[in-house]
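Q: Can you keep this structure in mind? I'll have questions shortly.
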Amino acid sequence: MKNSEIKIKFWIELWEDLINNFLKRSYGLTLYSPHILIEDIIVEIEENQFRNKENRKYFYSNLSDFLKNDEVIQNHFKSEFTLLRKDFNSDKTNYTLALCKKINESFKKGIYFQKTLVLTEKILLEDTELDIKFVNKINYYSQSLIVELIRKSYALEDVKKFLKNIFDVYHYHGDSLITDFPHNIDYSEYKDENEKIDFKKAEEVVKNIMDNLSFKDRIKKLSYYYSKKTEKVKYIFFIKGIKGEIDKTIFGVNFYNINQKRFTEEDRTYDSEDLQKHLEKDKYLQAAVEIDYLLPKSSLKFAKSKIENALDILACYIRFKTDVALNESNYIIVNKDNRLIFSTSGRGKDDIFMNYHDALNFNELENHIDSLKEFSFLWNSKKNSETVSKIKNALHWYRKGEQSSKEADKMLNYWIAIENLFNSKEDIKKDIFSDIHKSKFDLIQEIIASEQIFKFVYEYGWELYHYFSHKERNRFEKTDIPENLVELGQLNPEVGTSIYLENFIKILPELRVYEKNLFILDKIDAVIKFYSDSSFTKSEILNHIGQVKNDVLMIYRFRNLIVHNAHFDNTLLPYFVWKTKSYCGGILRKFINSDKEDSKLSDIIFEIFIEKEKFLLDFEKGNINLFEKKN
C-alpha cells in the first residue's frame, strides 16, 4: 500500500473518530474556528455593543491563537487578523465591526474551507510516511473542515459519512449501479424515446466518471458538499392530534387529509406518502412544508421548526383538547416535481410496539434503582428545607430540558436548572473570589469547573481502556495482543468483574507495541505521561479547567442571545446544548450527593470549591491517588 493510501485510510478513520467522540475531551472535536470567531465578534458587537469583558477576553485569546497557529490565517488573512488584534481592546468598536464584516465576506465565499482543503490534499498526497507531524496537521485540518461544513447547516450525522462517500466505489445490485459517491448526475436528464428515465444510460455516465477518478479528484470532491446548492423540497409528516377533511395552508404549512389529496402519484403499491398505514380510516392530518434542502437529516430541523412555529400560534388562539405533536421519526421528502426522493423506514417513535420495546426496563436497572433510595430525603415531607426545594426545582427543569423538542428550549431549561442550585440566600461570592464585583455567573462558572475536575481526572485513562477493550472483544477482527497482557489489563473481563484502571495503565508501555494507529499512539503516550509526570498532569488539569470555563461562558452567551431574541447563527447551538446537559447533570448529581441534614446551598457550594482547592494542594504535595473515583 502506498504512503498516500495509508494516509487517506487514516484520514477517514480520524474523521469518524473526531465526530464519534465529539463530547470526549481527549479525542473529541473542538467546535471553534476562525470563521466562527469572526461571526461571534460581529454578533457580540451588534447585540451587546461589545460590553461583556469576559466574552471580549475569550475572543481575543482565540484571535491570537489562530493568528499564531492557523496556516490559512497566516497565509491569507494575516494582515486582517493583525489589524483586528491591534485595536481589539480599544474603544474602536465600529472599526472592529467593519473589519470583521470584511473578513467574514471572504469566509462566506468559502476561501477558508477551500484553502484548508488544499493543505489537506497536499499532505495526503505527499510521498512521505505517516508520522506524528502528519497526524497533528490532519487532525487540525479535519476539525476546521468539519466546523465549516456544520456552518453550512449539515448535521454531524451526515458530515461523518462524507469521507467514506467521496472514496466510495460502485457495485451492482441486480442490474442497478449503487454508490454513495457524490457524482452529481441527475438521472432525470437522461430519457429514452418514450421520455422515461433511462437508468442504464445515466448509470453508464456515472460509471465512466468513477472509473477515471484519482485520489486528488476524490479529495477535491469534499468541496461538493460545501458548495452544494440547496433545492426546494417538501417534507411531509403527520400531526398527531389534528384531524379533519380539509386542505388548508397556515403560515407556510399545508395541512391536508391523505384520503383527499396527494403530493406524489408514484409508488402506490407501498404508498409511502400515507404515513399512517396502521390506521385504516381515522387518520390525522398530514403536514407538508417547503424548505431549502441539503440532505434528509441536515435539513430536518428546518422543516420541524417551520411546523412547530405554526403549531405555536395555533396553540395561542385555539384550545387543544388533546396533545398535538409532530411525529418527526416518520416522514417523506418530495422534490419540486413531486417525486419521492426520501422516506424514513421502519417504525416511528410513536409506534406502540417500538414504545414498548424501547421502554425503560427496571429489571436491567434494578441494582442502580435500589441505590437511588438514599436520595428519598428529597421527597420526605418532614425535610422541606430551601436546599431540598431548590434541588427539586432543578430536577424538574432538567427533565423539562430532556423532554423539550426545540434546542433553544433545551438550553434555557438546563440553564434554569443550573441557576436554581445557585440561588443561595447567602452572598458567598466574596468568599470564593475575594472580589465583591464578581457575579452569580462567575460563581456558576467556577463551581462547574471545580466539579468537572474529578470527572476529567477519573475518566482520562478510561477512554483509552474502552478503545482497547472494544478492540479486543471484536469477534470479526482479532488483535495480536498477547493473552497475558489482555489478562493483566482486564481487556476482556467476565461479566460482573470489577475492573481497575491502574492495571490497564501499568501495561500501556507494553501494549503500545501492538498498536499501529499513530493517533492512538499519541494518546497512549499522553495517558502514560498523565499518570507518571506530575507537571504534565497539572498542565492538563489546568487546561481542562480553562476549557470548561470557556464552555460555560459560551453557553451563557447562547442563553443570553436566546432570551433577548437576538439574531445569531444557531448552527452550533445543538452541540452546546449537549455540553449544557452534561454540565447540568454533573453539577445536579453533585448537589444531591453532597446534601446533608440541614445543609444550605452555600454549604454545598463551599464543599465543592474546597474539595477542588484541596485536590490541587494535595496534588502539589504528591498526596493524590489519580485512580480513585470521587462522587
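Q: Out of (1) 41.7; (2) 35.0; (3) 33.1, which label holds the value of mean projected area of the Cα convex hull in nm² that was computed here?
A: Answer by label: (2).
Q: At most 10 other Cβ atoms within 10 Å and a DSSP loop assignment: could you name the GluC sites (Glu not before Pro) in the stretch 162-263 that fit?
A: Sparse-neighbourhood loop GluC sites (Glu not before Pro): Glu193, Glu195, Glu245.
Q: Let me ask something else. Distance cut-off 20 Å, Cα to Cα: go down the list Lys161/Lys581; Lys7/Lys516; Lys283/Lys306 and report the pairs above it.
A: In this structure, Lys161/Lys581; Lys283/Lys306 lie more than 20 Å apart at Cα.
Q: Here's another thing I want to ask about it. I need the calculated FRET efficiency for the pair Asp211 and Tyr514, taking r as the beta carbon distance and R₀ as 60 Å, to the nearest 0.05.
A: Calculated transfer efficiency: 0.95.
Q: Take the residue pairs Lys78/Lys102; Lys152/Lys336; Lys164/Lys229; Lys68/Lys152 and return only those whose Cα atoms are more than 18 Å apart.
A: Lys152/Lys336; Lys164/Lys229; Lys68/Lys152
Q: Whole-Hz ³J(HN,Hα) for each residue in the stretch 181-189, computed from phi via Karplus 6.51 cos²θ - 1.76 cosθ + 1.60 with θ = phi - 60°, x for glycine and proline: what do you get?
A: For the stretch 181-189, the Karplus-derived couplings read 5, x, 6, 6, 8, 8, 4, 5, 7 Hz, x marking Gly and Pro.
Q: While we're here: Quick check: at a probe of 1.4 Å, how many percent of the accessible area of the stretch 207-293 sits on carbon and sulfur atoms?
A: 46 percent
Q: Same structure again: With charges set only on the Cβ (+1 for Lys and Arg, -1 for Asp and Glu), what does the dipole of the stretch 522-631 come to about its Cα centre, in debye to the nearest 20?
A: 280 debye
Q: Along the charge dipole of the chain, which of Leu340, Leu508, Asn104 sits closest to the positive end, that is, farthest toward it, with unit charges on the beta carbon of Lys, Arg, Asp and Glu (+1, +1, -1, -1)?
A: Asn104
Q: Which of Lys2/Lys523; Lys455/Lys614; Lys301/Lys410; Lys115/Lys220; Lys429/Lys590 have a Cα-Cα distance over 23 Å?
A: Distance filter (> 23 Å) returns Lys2/Lys523.
Q: Which distance in nm do the two modelled labels at Phe320 and Glu46 give, with both placed 7 Å along the Cα-to-Cβ direction?
A: Taking the two extended label points, one gets 3.3 nm.
Q: Right, here's the next one. Tabulate in residue order the Karplus-calculated ³J(HN,Hα) for the stretch 48-65, using 6.51 cos²θ - 1.76 cosθ + 1.60 with θ = phi - 60°, rounded to whole Hz; enter x for Gly and Pro.
A: Using θ = phi - 60°, the values come out as 9, 6, 6, 8, 7, 5, 5, 4, 4, 4, 5, 5, 4, 4, 5, 4, 5, 5 Hz.
Q: Where in the stretch 486-516 are there trypsin sites (Lys or Arg not before Pro) that are in a DSSP coil and have at most 14 other Cβ atoms within 10 angstrom of their Cβ?
A: Lys516
Q: Exactly which GluC sites (Glu not before Pro) in the stretch 553-631 are in a DSSP loop and have at most 12 other Cβ atoms within 10 Å?
A: The qualifying sites are Glu597, Glu628.
Q: Residue by residue through the stretch 584-589, which ³J(HN,Hα) values in whole Hz follow from phi under the Karplus form 6.51 cos²θ - 1.76 cosθ + 1.60 (θ = phi - 60°), with glycine and proline marked x?
A: 5, x, x, 6, 5, 5
Q: Among His567, Leu601, Tyr458, which residue has its Cα furthest toward the positive end of the charge dipole of the stretch 450-608, with +1 on Lys/Arg Cβ and -1 on Asp/Glu Cβ?
A: Sorting the options by dipole projection puts first His567.
Q: Let me ask you something else. Ignoring ligands, DNA and RNA, how do Lys201, Lys438 rank by accessible area with a 1.4 Å probe, largest first?
A: Lys201, Lys438
The values are calculated or read from the model by the stated rules, or taken from the named source; none is laboratory data. What you are looking at is a predicted structure, and each value in this text was computed from that prediction instead of being measured. Using ideal geometry, Cβ is built from the backbone for each residue, glycine included, and neighbour counts are taken over all protein chains shown. Protein only, heavy atoms only, side chains kept; ligands, DNA and RNA dropped before computing areas. Shrake-Rupley method; radii C 1.70, N 1.55, O 1.52, S 1.80 Å.
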